[in-house]
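Bear in mind these aren't lab numbers, they're just calculated from the coordinates by the rules spelled out. In this text the structure is predicted, and so the values were computed from the model without any measurement. For neighbour counting, all protein chains shown are included, and Cβ atoms are generated from backbone atoms with ideal geometry for every residue, glycine included.
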């Protein structure tokens with residue numbers, strides 16, 4: 001389990017990651033350390049999508065803009 005206040009952005013594949021973006025998307029997380037490993041559950045996963053909760057943000061694509069001109 002990786003818990004970070006900074007964005008992890010794919011640096012730990014195969015690990016459960018709780019970073020600032022995971023909390024932003026899914027709310028608070030709970031971590032249980034069990035005999036067979038760690039279990040991480042987010043508030044959104046536990047309670048489900050509620051009408052008053054904003055939907056999960058869609059990732060924005062990168063704009064295909066030309067580079068800025070150099071003077």
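Taking every alpha-carbon pair in the chain and binning the separations at 10 Å intervals from zero gives 16, 38, 26, 12, 6, 2, 0 percent.
Of all the options 23, 53, 41, the one that moves most in a Gaussian network model of the chain with Cα springs shorter than 10 angstrom is 53. For the chain, relative contact order (Cα pairs under 8 Å, six or more residues apart, normalised by length) works out to 20 percent.
Of the peptides 59-66, 6-13, the ranking by mean beta-carbon count within 10 Å, highest at the top, reads 6-13, 59-66.
Placing a label point 7 Å from the Cα of residue 26 along the Cα-to-Cβ direction, the residues of segment 34-53 whose backbone N falls under 18 Å of that point are 34, 37-50, 53.
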